[in-house]
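*Asks:* Quick one: this structure, given as structure tokens, is what I'll be asking you about.
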Amino acid sequence: MKKYILLLVLSIILYESSFGQVTKESYEKAVDILNYQSVYYSLSVLSPTSGVTANFKANCNCKNKPVFEKIKSSIPETELKTIEISNKIQELKSQDISAFDQSRALNFLLNASFNESEVLKDFKSQLDQKGKLSDYKANLTQQLEGVLQENIPVNTTSQKESESKLSAIDDRVRKIEKNQNSKEEKSGIFGGFSDYLVILAVVLGILGLFLALRKRDNYEELLPRILESRRLKDLIHSQINSTNSGMRNNNSTYSEIRDMQGRIRDLEALIQRLNSDIEKLKQPRSTYPSSPSTSNQEVRQPEPKTEILFLSTPNSDGSFNESSASTTYKDGASIYRLMKTGNSNANFQIDEKETSIKLALQYPDKNIDPVCDAENAFNPRSNRISTIKMGEAELQNGKWIINSKAVIRYED
């Protein structure tokens, strides 16, 4: 009976192994995408040299269809660490993927691949220290899933091997039946039903092979429909972006409205502080008798004036020089608006004027990242920045030191 049960298990295994393997072509495409994103994050997050990210993107221009030769030739020669990371990721193409389905390939590229060398392990550790590892993996996951699920064929070699193994099992069953007929039948646990288990094992094996072939045919029929729906979705998205762009160009007062919204928010903050001061004055005065020598005239401290300063590019350590602050907005130079809440404390945000936002987006790694945290990843198509939460700064020794970064969101 143990032999019959073994035949049943082998039939099920042959069914499971007949489809779902990742192709070498799709795996290598996924490695190139991993290479491009790793180089981008190495330059934009870890490199101390300013401007290298923009140079790389301009030279490569291959985000959608990256190729290793184009990626490597676009990395500045001064960025030796990034070049080493790119070479180590390229070596992942030699990985044996014979046992990889989509899930295993995705897990290897996003997790296990970083243990292949000390260079990749150190790269992952630095991203984690900078708080960018989760953002890095989130951007990769969607792209890799799309590539790895392309062209996943039924493994015809495995199918032929399955058929040959099934034939061998058939021969083995016939020999066992012949031996059983020549001997006196012995009653076992299943009595006289043992032969039915053999037949059931063969039937399940054939059924498994049939289902595998049918699944392949269904996948080939559905693939054109899936591709067509993706193309339709991309077309609709491009039309919406084009319409929104035209509306912004036709609206001559768009930038003026944004400036007025910024002034309204400043006035609302000022009104809120004045209301708070009024509530304090309404509180009852102390009932203790005043000293005879004290004058009956109440001495009032002058109320602090709300002062707004405009600042340009922050320092790499996340601070602003007090000497560069200006009380007036300078077109083409001012990026941040700082509103003092005391003699040495202030709140700040990216100024909402269109020229300020364009200036900040030219070099986000230099103009934004030192003093702001983004809720979403930077997109080269972004042309707006919304401030979710204003940052806080404190004046110390001629510098505005950032106590908490501003929280922003990139928008198209």
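Readers should treat all values here as calculations from the given coordinates under stated rules, not as data from a laboratory. None of these values were measured; they are calculated from a predicted model. With ideal geometry, Cβ positions are generated from the backbone for all residues, glycine too; neighbour counts draw on all protein chains shown.
*Asks:* By how many nm would the segment from Lys93 to Asp122 lengthen if fully extended, with 0.36 nm per residue of separation less the alpha-carbon distance?
*Replies:* Numbers: separation 29, 0.36 × 29 = 10.44 nm, distance 2.02 nm.
Full extension of this stretch gives 8.4 nm more.
*Asks:* Okay, next question. Is there a quick way to get the dipole size of region 305-412? I mean about its Cα centre, with the Cβ of Lys and Arg at +1 and of Asp and Glu at -1; what is the value in debye to the nearest 20? Walk me through the intermediate numbers first.
*Replies:* Working: 13 positive and 15 negative charges, 36 e Å.
Roughly 180 debye for region 305-412.
*Asks:* Once you put a point 7 Å from the Cα of Lys137 and another 7 Å from the Cα of Lys65, both along the Cβ direction, what distance in nm separates them?
*Replies:* 3.1
*Asks:* Amide H neighbours of Glu307 under 5 Å, counting only residues 5+ apart in sequence or on other chains, H built in-plane at 1.01 Å?
*Replies:* Lys340
*Asks:* Taking the simple approach of a point 7 Å from Cα along Cα-to-Cβ for both Lys389 and Leu211, what is their distance in nm?
*Replies:* Computed distance between label sites Lys389 and Leu211 equals 5.0 nm.
*Asks:* Which value does Rg/Rh take for region 24-148 over its C-alpha atoms, Rh per Kirkwood? Don't skip to the answer; put the middle values down first.
*Replies:* Values: Rg = 13.6 Å, Rh = 14.6 Å.
Result for region 24-148 is an Rg/Rh of 0.94.
*Asks:* Over 27 Å between Cα atoms, which of Lys63/Lys88; Lys63/Lys353; Lys72/Lys405; Lys24/Lys137; Lys72/Lys124; Lys63/Lys330 qualify?
*Replies:* Details: Lys63/Lys88 19 Å; Lys63/Lys353 30 Å; Lys72/Lys405 34 Å; Lys24/Lys137 22 Å; Lys72/Lys124 20 Å; Lys63/Lys330 35 Å.
As for pairs spanning more than 27 Å Cα to Cα, those are Lys63/Lys353; Lys72/Lys405; Lys63/Lys330.
*Asks:* Another question, then. Would you please report the Å³ per residue occupied by the convex hull of the alpha carbon atoms in region 305-412? Show your work: numbers first, answer last.
*Replies:* Numbers: hull volume 9.6 nm³, N = 108.
About 89 Å³ per residue, rounded to a whole number.
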